[in-house]
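For reference, the structure is listed below as structure tokens.
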Amino acid sequence: MVSSNISGSILAYPRRLAWPVEPGAFRLFLALLVFVHHFSSFGLGPYAVYVFFMLSGFWVQRMWAGRYQTTRAPYFTYIISRFWRLAPVMILVSAITIPILLLIGIEESRIFGGQFAHLIASSTFFLGYAWLDYLPIGAAWSLDVEMQFYAVSPLLAWLLTKYENRLISLIAAAISAVVSIYFVTPVLLKYLFFFMVGMIAARQNWEPGKQAAFSSAFTVAAILILVTISPWRGVLWGGAEPGPLFAYNPQFNVAMAFLTIPFALHTVYRKSDSTDRMFADLSYVIYLLHWVGMQWFFTINGPFTERLAVAAMCFVMVPLVSWVIWRFFDRPVNRLRAAWVQCRQFAVESVTIVREPAGP
């Protein structure tokens, strides 16, 4: 029964590849882009995270205004729900990752050191994870930022009801620019602009048209191709020994994410069926789980063919194991969370139920 469902979904999906792209498929694409980034010299991983932050801002604004404000103790319900949505998978993937890291030769003192309590607490509650000396799941730094955003997003949503949205976005852009200069460790203020873009778009119900979305996607793709074949390819392609142009890669990623705004916000209005929702959920699991495979890949000191074999194995095993985690762990846990939130919902006819995606 399970195998037939998988094959049916795979066979059905080619008919869905026509424009426009659905939201779950786009989130899965972003997660796979981070996957590829960590296994290659293709330096576009931060771009995917910025777009994830923007999508998170959109959905959180929708969820807060359309669902959580009509629950008992809205802020409490919202925070517990968001924690419940992310933490179980993070804890499970951490329990899988750390033993594998030890098996492939990462020293126990490096993983734990004097930060055991910090590691356990931040792996469970996310806050402070980016400040660890060693991150067992390196990609999870963004979840620290996400949780910071969740904590203050109701306040940000309130501000959007009181002040001009354009003013808020300009302030967010200025804060992000200043903080990004002085802070190396990820903090919310550094990425506030992209979160606010998503929140403002949700509040104003901004739905970019097909032409704007296509122009956005085409422009980004064209720039990536032109940069790759130009003398400036070092801005995008780094690797173990990046050239001097790679110093501009952070700014390049921000620019590409900015250009992607119309396309990303176009996808959130597309209809999503059960397969596409599965893709959205898988994006979170793959985002976390691929890190241990990448660590294994970089511990291989043998010939290139051996490293290539390890990479190929990771690109097969990570999606497969991610699907198993989603099917038998994440989905049942998420159903319990959704039922709990529903039980706290007041009977209000105008409530719009918004499905909650997981974080990046």
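The values are calculated or read from the model by the stated rules, or taken from the named source; none is laboratory data. Here the structure is a predicted model, which is why all the values come from computation and not from measurement. For neighbour counting, all protein chains shown are included, and Cβ atoms are generated from backbone atoms with ideal geometry for every residue, glycine included. Heavy atoms of the whole protein, side chains included, go into the accessibility calculation; ligands, DNA and RNA do not. Shrake-Rupley method; radii C 1.70, N 1.55, O 1.52, S 1.80 Å.
Miscellaneous remarks
- Reach of Lys210 by Cα under 28 Å, taken over lysines that are not fewer than 8 positions away in the same chain: Lys271
- Per-residue [θ]222 nm for the chain (sum of -39500 (n - 2.57) over DSSP H runs n ≥ 4, rounded to 500): -22500 deg cm²/dmol
- Between Lys162 and Leu102, the distance separating the two model label sites (each 7 Å from Cα on the Cα→Cβ line) works out to 5.0 nm.
- Shown in residue order for the stretch 156-170 are the 3J(HN,Hα) couplings computed by the Karplus curve 6.51 cos²θ - 1.76 cosθ + 1.60 at θ = phi - 60°: 5, 4, 5, 4, 5, 7, 9, 10, 4, 4, 5, 4, 4, 5, 5 Hz (x for Gly and Pro).
- Among 39-51, 316-328, the order from most to least packed when residues are scored by Cβ within 10 Å on average: 39-51, 316-328
- Eligible lysines near Lys162 by straight Cα distance, threshold 30 Å, same-chain separation 8 or greater: Lys190
- Neighbourhood net charge (14 Å Cβ-Cβ; Lys/Arg +1, Asp/Glu -1) for Ala130: -2
- For the chain, the dipole from Cβ point charges (+1 on Lys and Arg, -1 on Asp and Glu) about the Cα centre works out to 1000 debye, to the nearest 20.
- Heavy-atom accessible surface of the chain: percent carbon and sulfur, 1.4 Å: 69 percent
- Per residue, the chain exposes an accessible area of 48 Å² to a 1.4 Å probe, with every protein chain left in place.
- Rounded accessible area of Ser216 (nearest 10 Å², 1.4 Å probe): 10 Å²
- Using every pair of distinct Cα positions in the chain, the Kirkwood expression returns a hydrodynamic radius of 21.5 angstrom.
- Relative contact order [Cα under 8 Å, 6+ residues apart], the stretch 149-300, whole percent: 19 percent
- Largest first, the residues Leu103, Leu159 sort by 1.4 Å accessible area into Leu103, Leu159.
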